[in-house]
1. Examine region 160-173 for a residue that is among the aliphatic types (A, V, I, L, M), touching a helix residue (DSSP H, G or I) at 6+ places or on another chain (Cβ under 7 Å) and surrounded by 18 or more Cβ atoms within 10 Å (Cβ to Cβ), and state whether such a residue exists.
2. Confirm whether Ala173 is within 25 Å of Ala347 (Cα to Cα), of a type in the set (Gly, Ala, Ser), out of contact with any Asp or Glu (no Cβ under 8 Å at 6 or more places or on another chain) and modelled with pLDDT under 95.
3. I need every pair where a residue in region 339-363 that is in the same structural domain as Leu328 (by TED's automatic domain parsing) and closer than 13 Å to His326 by Cβ has its Cβ under 8 Å from the Cβ of a residue that is outside any helix (DSSP H, G or I) and among the polar types (S, T, N, Q), sequence separation at least 6 or different chains.
4. Looking only at region 83-98, how many residues end up being more than 27 Å from Val141 (Cα to Cα) and not acidic (Asp, Glu)?
5. Are any residues in region 275-300 aliphatic (A, V, I, L, M) and either touching a residue at least 60 places away in the same chain (Cβ under 8 Å) or in contact with a helix residue (DSSP H, G or I) (Cβ under 7 Å, 6 or more places away or on another chain) (or both), and if so, which ones?
6. Identify, from the list Arg22, Arg3, Arg31, the residue that is more than 27 Å from Gly357 (Cα to Cα), of a type in the set (Lys, Arg) and modelled with pLDDT of 90 or more.
7. Give just the number: which of (1) assigned to a helix (DSSP H, G or I); (2) within 13 Å of Ala6 (Cβ to Cβ); (3) touching a Ser or Thr at 6+ places or on another chain (Cβ under 7 Å) does Ala87 not satisfy?
8. Quick one: in region 34-53, which of the residues that are among the charged types (D, E, K, R) and either over 21 Å from Gln106 (Cβ atoms) or part of a strand (DSSP E or B) (or both) is modelled with the lowest pLDDT?
Amino acid sequence: MTRILAFETSTSTGTVALLSERGAAVIVTQRTIEGTTGHAAEILPLAHAILAELNLTQKDLTAVAFGQGPGAFTGVRVACGVAQGIALALDIPVIQIGALSAVASQAAARHPGALLYVALDARMDEVYFGVYACDTSAELVAVQPPVLLSATDVQLFIAQRQFFWQQRLPDCAAVTLVGEGWSVVQRICPHQALSEMGDVDNVQARPEAGAVAMLALQALKAGLTILPEHAAPMYLRDKVAFTTLERARGDGGNPRAQVPSAAALLPMLKADLREVVALEAAVQSFPWTLKNFEDALEAGYEAWVLRTEDGLQGFSITMMAPDVAHLLVIAVARDAQRRGYGRQMLAHVTRQARGAGAEGVVLEVRPSNLGACAFYQDEDFVQIGVRRDYYPAAKGQREDALILKKSFDH
């Protein structure tokens, strides 16, 4: 018997659920925390009440899951902290599930074969946005990872990227809008008819613990669990508080989301590798081979490509270790450099690393690559070591590698 206790408190509606699986039968019992406050005080008593109702104790649990956001700063910390505490006490694994993927999974069964455009209210006239779909194995996949957008920029963001999303999943021709964030878009941009972007599902939908538990079951079977001490909320805002001086300048409580660029950041597929290898060969003296990239995809590394209507502009591959994220390779096409694409990809690597609970990002760089060294220094990387004779060099020589790290202040 598999039993997963799940918490979701990233919005003003908190939920707790217990999933029980025996053979082919899966039963989910969910309860809601009434009111918009009190999540921290009520979440554990509600969990205990569900267990007692089913004549179970915490020792009967297989794993604990939580909605890691993005969402309310305090809310995601509450669910994360409670999940960590239970998992540490019982010596069981933790599974973290994104809020947008939870909402997408709630709508996926009603809209098979559709791209699910999920939007959640991020406050201050902004939304968290992501695109999801079910692949041929009926597993939910993220076509567009979560981003923070001004409500006024959502339509532009979609228009610039929809071709790429549908190109990756050609069987998903239909589009469905789901999530409470679409109500924000409709309020801020009343002239934009939601129905013109796709079928409209539940525009009041929020992530629920039952959906978190179902996705956690899939993750558990795939071995995608983490140690409790590595669990961490997902924040899309790099800054959650401003100084008094910044507020005096009118910066407010959080930075505004930037106007989206026309560059689409997408998961790397095998179909991308021909172009990826060609770009790598054009910018590196000793490039990765096709086999290197194939091995990286096979290993499940975080691999992304950056595309515009003019073609492939860049890519990155990151290996997520338990404590740090190791940026293995990142490249921008020569004629696309100095347009901010490298910073856009590095910012995405940083968000992914934070979401995975890493303490920072590490990478190697040649000392002779002065431009790259200056770039990483400007991005707050500092040298922490040297790998002697790490890189091949001209005339059969070897070159050292500087080990750089960007640490997070979790």
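1. no
2. Details: within 25 Å of Ala347 (Cα to Cα): no; of a type in the set (Gly, Ala, Ser): yes; out of contact with any Asp or Glu (no Cβ under 8 Å at 6 or more places or on another chain): yes; modelled with pLDDT under 95: yes.
Answer is no for this residue.
3. From region 339-363, the pairs are Val349/Ser316; Val349/Thr318; Gln352/Thr318; Ala353/Thr318; Glu359/Ser407; Gly360/Ser407; Val361/Thr318.
4. Filtering region 83-98 for residues more than 27 Å from Val141 (Cα to Cα) gives 85-86, 88-91.
Remaining after also requiring not acidic (Asp, Glu): 85-86, 88-90.
So the count comes out to 5.
5. Residues of region 275-300 that are aliphatic (A, V, I, L, M), as a first pass: 276-279, 281-283, 290, 296-297, 299.
Scanning region 275-300 gives Val276, Val277, Ala282, Val283, Leu290, Leu297.
6. Values: Arg22 fails: modelled with pLDDT of 90 or more; Arg3 fails: more than 27 Å from Gly357 (Cα to Cα).
Just one listed residue meets the conditions, Arg31.
7. Unmet condition: (3).
8. Only one residue tops the list, namely Glu42.
The values are calculated or read from the model by the stated rules, or taken from the named source; none is laboratory data. In this text the structure is predicted, and so the values were computed from the model without any measurement. Every residue, glycine as well, gets a Cβ built from its backbone with ideal geometry; the counts of neighbours run over all protein chains shown.
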